[in-house]
Amino acid sequence: MKTALADVYRPEGALGGDDVWEMRLYIAGQTRKSLAAIANLTRLCEEHLQGKYRIEVIDLLEQPQRAQGDQILAIPTLVRKLPAPMRKIIGDLSNTDRVLVGLDLRAR
Amino acid sequence: MSQPVNETPPAPRGIEKAPTGIRGFDEITQGGLPRGRPTLVCGSAGCGKTLFGLEFLVRGATQFDEPGAIVSFEENIEELTQNVASLGFDLDELVAQKKLVIDYVHVERSEIEETGEYDLDGLFVRLAYTIDSIGAKRIVLDTLEALFAALPNEGILRAELRRLFRWLKDRGVTAVITGERGDGALTRRGLEEYVSDCVILLEQRVRERVATRYLRVVKYRGTSHGTNEYPFLVQEDGISVLPVTSLGLTHVASDERISTGIPRLDAMLGGKGLYRGSSVLLSGTAGTGKTSLSAYLVAAACKRGERVLYFAFEESQSQIIRNMRSIGVDLKPYVDGGLLRYQTARPTLFGLEMHLATIHRQVDEFGPSMVVVDPITNFMAIGSELEVSSMLMRLIDFLKSRLITGVFTSLTGGGNALERTDVGVSSLMDTWLLVRFLEGNGERNRGLYVLKSRGMQHSNQVREYVLSERGIELLDVYAGSSGVLTGAARLAQEAKERAEAQLRLQEMERKQRELERKRALLEAQIAAMRAQFEAEEAEMTTTSREHAQFEKELSRDREDLARARHADAARDTTHVHVNLNGGAE
């Protein structure tokens, strides 16, 4: 994969206005961790990416075949499809700092 | 093994087992892996863990109608398919037939940020989905340890692994989990902690530059199993585990006797030759004609229309055929006619176990009624005495179970005791023929002994073994006061005996004559002595007469003297004489 420096590190504010963040949140049933992850993600997006994000919640209990595509092992897993490169964050997203770092919304 | 080994397939008692279809493995474990439970297969890199798992799945799918799933954490589908294509496993085909499913789980730690609590439900969902997609009864996880590298929180991971194994058991799938060998532990990440039913250890060791793989069942709960280390091979058609005693001693012995092709040797062997399916050891020092003797056995078998498989480790096929022609045995028609097959290779080309497996495969393929291994001593170059002996034991067991006569030649070292060496296999042999040189008189001649032959009255005599263009001849040896004589010495001895007999006769006559002469001499001597005695006697008579004459004359002289002295001679004389005698004066 060819990666330009700009793709790897994209600090907040360097985002173009038209960029839409596409994210997938994988869960397996309505568990406590899943519900926490959904709530945390929604809150973060509203705070940092208002109006330019799209979240798809995938329940693997309903769509087990989708686990293969994004190589999902841990639940919950958040996958940032866009902007590239792809990012994976596991856990219930309760550690906000690490989520922001993981999503490149904050410098590492 | 405590259970009788002739129950094949062994009746599962207690634990139900899933046969792996891996050659030899099901015998060791008496049926295979524990059905519906996880088994840990551990070993260092390159020892065949993945292959073991794959063969378990492929055999399950093709032979036991149990579809299988492989969840690979290390190799992707293409890599796996390519790796086992050389073993004749067509994974693509099996996948197309819905008998196999491959799921490649790839995780890179660099992609993952941990932001809170999580579990491995994703993996469980994937496994469940994979298993359900074809109704898999078997699953291989290769290798779970990749998860430790991928996921940051070991605490969560361990808890989840414990749950995973529980879950696999609940699903009732027969699982194989591979694990990398760790220092001082079975696996690097301690996976053995979670798998308590069955643990199999694979190892690869290099000895004398020959690598051999070994398999050991470390643990198998609820079943008896072979605890030995079993060598195993990765061959063109999969894994072969070679259990030392897989066949046991339950083979049926044949009463049929087969000729050795040498009538006098048959005569030495109870008059009828060898038992079919027995093991024969031909031993001797270099150049004693072991190969020639085996060529006779081979020719005799081929003449009966039987197939012979000949493993030659010293000579090429054409060389053997040429050499045997020189003693009047033409093997070429049998080779051309497909009755005789030569398998020539240097022993050092492969490891011992590879040789054994090669022999197994060739025997399976060719279906001979006699197998010749010429010589077994060359195996010593690639294994210790114990290993060679163990390998030969398994080979002999194998041949006996098929009622194949095994002929093994063995080179005895010059310095060693003739009856010692033979790589400690003589006890495995039913018949042992020893060819040795009998030296003397500047010649070396061959002597053939039947050291043992089980189940028959065999000859205890030495025969002189003569190789000529007429072939092998067994002659009586001369056994006399000067020891055992052969060859020219035997001929010489026979001539000498004749000469000696002649000589003894002449000597007798001479002695007779001498006696006669002595008798004549003695008689002459007696005559001479008698003559002498008579002469002496005659002389004595003369002397005594002379003496009387002398006395008479003396007396007369004295009288004459007295008369001359005018004395009363007679009285005076008497008086003086008395005085003198009394000594009283």
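Readers should treat all values here as calculations from the given coordinates under stated rules, not as data from a laboratory. Quick caveat: nothing in here was measured; it's all calculated off a predicted structure. For neighbour counting, all protein chains shown are included, and Cβ atoms are generated from backbone atoms with ideal geometry for every residue, glycine included.
Data overview
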| read-out | value |
| --- | --- |
| Förster-model FRET efficiency, 45 Å R0, B:Gln512 and B:Ala538, C-beta, rounded to 0.05 | 0.70 |
| In range of the label at B:Arg454: residues from segment B:361-399 whose backbone nitrogen is under 11 Å from the point 7 Å along Cα→Cβ | B:397 |
| Footprinting exposure proxy for B:Glu306, B:Glu55 (fewest neighbouring C-beta atoms within 10 Å first) | B:Glu306, B:Glu55 |
| Proxy reagent accessibility, fewest Cβ within 10 Å first, across B:Cys198, A:Cys45 | A:Cys45, B:Cys198 |
| Which of B:Ile376, B:Leu293, B:Gly88, positive extreme of dipole for the protein assembly as shown (C-beta unit charges) | B:Gly88 |
| Shielding by other protein chains, A:88-98, mean Cβ within 10 Å | 6 |
| Contour minus Cα-Cα distance for B:Ala253 and B:Asn153 (0.36 nm per residue) | 29.7 nm |
| Extension gain from B:Asp183 to B:Ala548, taking 0.36 nm per residue of separation minus the Cα-Cα distance | 117.7 nm |
| Residue exposure sequence - B:Lys272, A:Lys88 - by fewest surrounding Cβ within 10 Å | B:Lys272, A:Lys88 |
| Inter-probe distance in nm under a simple model that places probes 7 Å from Cα toward Cβ, at B:Arg361 and A:Gln68 | 3.4 nm |
| Cβ-defined net charge surrounding A:Arg32, 15 Å radius [Lys, Arg +1; Asp, Glu -1] | -4 |
| Set B:Lys98/B:Lys137; A:Lys52/A:Lys88; B:Lys169/B:Lys219; A:Lys81/B:Lys99; B:Lys17/B:Lys99 screened for pairs whose C-alpha atoms are more than 22 Å apart | A:Lys81/B:Lys99 |
| For B:Gln512, net neighbour charge (Lys/Arg +1, Asp/Glu -1) across residues whose Cβ lies under 14 Å away | +3 |
| Label-to-label distance, nm, for residues given as B:Gln97 and A:Leu82 (7 Å Cα→Cβ offset) | 4.5 nm |
